[in-house]
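The values are calculated or read from the model by the stated rules, or taken from the named source; none is laboratory data. Predicted, not measured: the structure shown is a model, and the values here were computed from it. Heads up, the Cβs are rebuilt from the backbone with ideal geometry, glycines too, and the neighbour counts pull from every protein chain shown. Surface accessibility is based on the protein's heavy atoms, side chains included, excluding ligands, DNA and RNA. Shrake-Rupley method; radii C 1.70, N 1.55, O 1.52, S 1.80 Å.
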Amino acid sequence: MAHITKATSVRDWFDQRIAVTKLWNVLAAQYWIPKNINFLWAMGVILTVLFTLLFISGLLLLMYYKPDANLAFDSVNYTIMKEVEYGWLWRHIHAVAASVIFLIIYIHAFVGIYYGSYKKGREMIWISGMLLFLIFSAEAFSGYMLPWGQMSYWAAQVITQLFGGIPFIGGALVEWIRGDYAVSDPTLTRFFMLHVCLLPIVIIMVIGLHFYTLRVPHVNNLEGEEIDFELEAEKYLKGDTVNSKVIPFWPGFLSKDFFYVSLFMIFFFYLVSFHFNFAMDPINFDPANAAKTPTHIYPEWYFLWQYEILRGFFFDIGPLKAADIGALAMAFAGISLFFMPLYDRSDVVAPAHKRKGFFIWFWLLIIDLIILTVYGKLPPTGFNAWIGFFSSVGFLVLLLVVLPIITIKERKANK
């Protein structure tokens, strides 16, 4: 049993019982961050702030939202937007945060790729981060359905139908997901449960896992330099803060992050106040109508590149139907970046601009994803369809063929 003495302060009282000082040292005061980083390393804290905003605004919206096919649309567009005081503000915050969080996720992920932050002991950091991306994608899709507008309804119809391509169990699985033969009230209540209950719990758990995976290998730095964190931390604690290559998470690192978060919040609330419509599709302001299909169905911008891969294969290949090929390609695209540590066969941990072949590959991948995103919102007809096809094939080839080849050559050249 712990030896309890008379407390000298409130902090000492808690310290003797739950070791708050030791916990604070482990989590912040003696968790070490490389000095050699820049503002791009603040994306993780910005993501945490955005998730917090989503969580709080979601709780407030939940007080007035009705998960019923007959009431959902009006509860969002009339009750929340027009009758509840400042309901419009919380809806705008929720919608803009749901969209912007994916922008920051993509920046965060591609910074990790650019600087090789998925290699040499950091594989679990990368894998847990990509798992978060997948769960956030499911959370975003389930939330997109809740306003029960035209695009919400038909996007759900298209996406849930994809599961029908699974051999033997496809039809039964689609019916089970929807809770009916078509997207209807049971589907809405299922997605409501996922969005407000199950997926947020899973996200919080995986965020905890992601932070934990950072504890041992620590974050990467601008040069990919291997740092002896224990040695450099010892220098810092002895007072040699100039020559030490590390700083504590608090106050050194987090105080800078607060500055970057403050700048980001200016941009964020500018969007919330003046350009919130970019996160709300105009078609979704029409009530869901199963008898009227929109002229052109498409998802939110952050899913467009995957959607273009889905429809990029518009012709059959032997016994394989075009729809099945597209569904398989899209499924792979959704999990493809999980395997970056396997595709990259080089031992070099360095920024892309110091790896010539990898640098070219990286920007080709970015360009390809931009093309897929742009054409994902255009009708897949004529020339557009062929651009979508070649861009979809290009994405798969860049990951599965080009990256392993150039990194194997790099590994051999550095022996």
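For the reader, a short list of remarks on this structure follows.
- Evaluation of G44 against (1) over 21 Å from K256 (Cβ atoms); (2) open to solvent by less than 30 Å² (accessible area, probe 1.4 Å) (one fails), failing number: (1)
- Which listed residue is aliphatic (A, V, I, L, M) and in contact (Cβ under 8 Å) with a residue 60 or more places away in the chain, from M145, M130: M130
- Some residue of region 242-264 being open to solvent by less than 40 Å² (accessible area, probe 1.4 Å), more than 21 Å from L47 (Cβ to Cβ), touching an Asp or Glu at 6+ places or on another chain (Cβ under 7 Å) and modelled with pLDDT under 90: no
- Within region 347-370, residues that are outside any helix (DSSP H, G or I) sit with their Cβ atoms under 9 Å from residues that are polar (S, T, N, Q), at 6+ positions apart or across chains, in these pairs: D347/N414; V348/T407; V348/N414; V349/S117; V349/N220; R355/S346; R355/T407.
- Subset of region 296-311 [at pLDDT below 90, in contact with a Leu (Cβ under 9 Å, 6 or more places away or on another chain) and surrounded by 16 or more Cβ atoms within 10 Å (Cβ to Cβ)]: Y298
- Counting only helices (runs of 4 or more DSSP H) that sit completely within region 1-92, those holding 2 or more residues that are closer than 24 Å to L237 by Cβ correspond to 10-18, 20-24.
- The set of residues in region 368-388 being under 25 Å from the mean Cα position of the chain (by Cα) and either surrounded by 13 or more Cβ atoms within 10 Å (Cβ to Cβ) or more than 25 Å from E300 (Cβ to Cβ) (or both) consists of D368, L369, I371, L372, T373, V374, Y375, G376, K377, L378, G388.
Conditions (1) under 15 Å from the mean Cα position of the chain (by Cα); (2) of a type outside the set (G, A, S); (3) open to solvent by 20 Å² or more (accessible area, probe 1.4 Å); (4) at pLDDT below 95, marked per residue:
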| residue | (1), (2), (3), (4) |
| --- | --- |
| L131 | yes, yes, yes, no |
| E139 | yes, yes, yes, no |
| M151 | no, yes, no, yes |
| A156 | no, no, no, yes |
| T160 | no, yes, no, yes |
| G164 | no, no, yes, yes |
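- Residue check for S57: in contact (Cβ under 8 Å) with a residue 12 or more places away in the chain and surrounded by 14 or more Cβ atoms within 10 Å (Cβ to Cβ): yes
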